[in-house]
Every structure is written in C-alpha cells, then in structure tokens.
1. Show me, for segment 92-98, the HN-Hα J-couplings you get by feeding each phi into the Karplus relation (A = 6.51, B = -1.76, C = 1.60, θ = phi - 60°), rounded to Hz, glycine and proline as x.
2. Taking only protein heavy atoms and a 1.4 Å probe, what accessible area per residue, in Å², does segment 1-113 have with all protein chains in place?
3. Taking the simple approach of a point 7 Å from Cα along Cα-to-Cβ for both Glu5 and Arg80, what is their distance in nm?
Amino acid sequence: FMALEVRHLTANDVTLMQALLTTFGEVFNDMSTYTENRPSTSYLQKLLDGDFFIALAALKNGDVVGALAAYELIKFEQERSEIYIYDLAVAKEHRREGIATALIEQLKNIAAERRVYVIFVQADTGIEDEPAIALYKKLGNTCEDVLHFDIRVNN
C-alpha cells in the first residue's frame, strides 16, 4: 500500500499539470483534447497562479494516479463564490482506493479556506458514469436533473 499525496498545484508545478492533462486524456479516452494542443508553460503558469483555477494531483510514488480541475466562480447576486468541479479522473488501475474522495476532501479544505458557499459537479447519466454518480451522491446532498447545452461562439 503506497501512501497517497494530494497536492494543490502552483505555478511551479507545470510538469505535474502536464501529467494531469495526460491522466485526463487516458481516463476519458480523449487524448486528442488533452494532449495534442497543449498550453504553453507560461500559459499553465499563469493559470495555476490565478485565483479562479484549482488543480489537484493525487500522487503515489510521485506518479499522478488521480486529477481534479475546478474553477472558483465569483457570484454576482451575493458576495460569495462557488467551486465547479470541471474534471475529476482516477487512473483505471487505482480506482476503488478512495482517491476521488481524497481529491474532493482536499477541494473542500480549499473551499473552506476561501469561504466558498458550495462545490458543485455535473455527471453524465450514461452507464459509464454510474460510479461517479454514486460517489457524488455519497458526498453531496442534492441531486438535480440538469440538461447541459454547448452554445457555439460567434467566429
């Protein structure tokens, strides 16, 4: 049993951020999106140095076995913010080890430090997302049926 380290990435962790991209690509079976047009080092440093993006790496022996990417959304209707979990992935061979829960627990600590109102996440209703839905139901207290639409940008 190897010890798990959950690390909140900073601008000094670009190499780990690139490993997160690879992990997302492998887990989601979408290498082209996550690896073919990688952001530059300076872009990733700026992203990791900002206040609105949160990247967490779950490490075993220095290897990324899980990853979480989230955004803090500053609200307008009240002086508060929410955190949206954009991507959460655990390598296939490391599932059922509590890694996703550890990533979310670390995010909850960050949220508490920032006085965030709530953390939210979306999951697909397809059969392949059943384990994720079970995890979120275990950790969360509200489940809403939501439709998600992508709106194309004018260009």
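1. Listing the rounded values in order: 3, 6, 10, 6, 6, 10, x Hz.
2. Working: 6510 Å² over 113 residues.
Accessible surface, normalised per residue, equals 58 Å².
3. A separation of 3.6 nm, rounded to one decimal place.
The values are calculated or read from the model by the stated rules, or taken from the named source; none is laboratory data. These numbers were taken from a predicted model, which means no experiment stands behind them. Using ideal geometry, Cβ is built from the backbone for each residue, glycine included, and neighbour counts are taken over all protein chains shown. Ligands, DNA and RNA are excluded from the accessible area calculation, which covers all protein heavy atoms including side chains. Shrake-Rupley method; radii C 1.70, N 1.55, O 1.52, S 1.80 Å.
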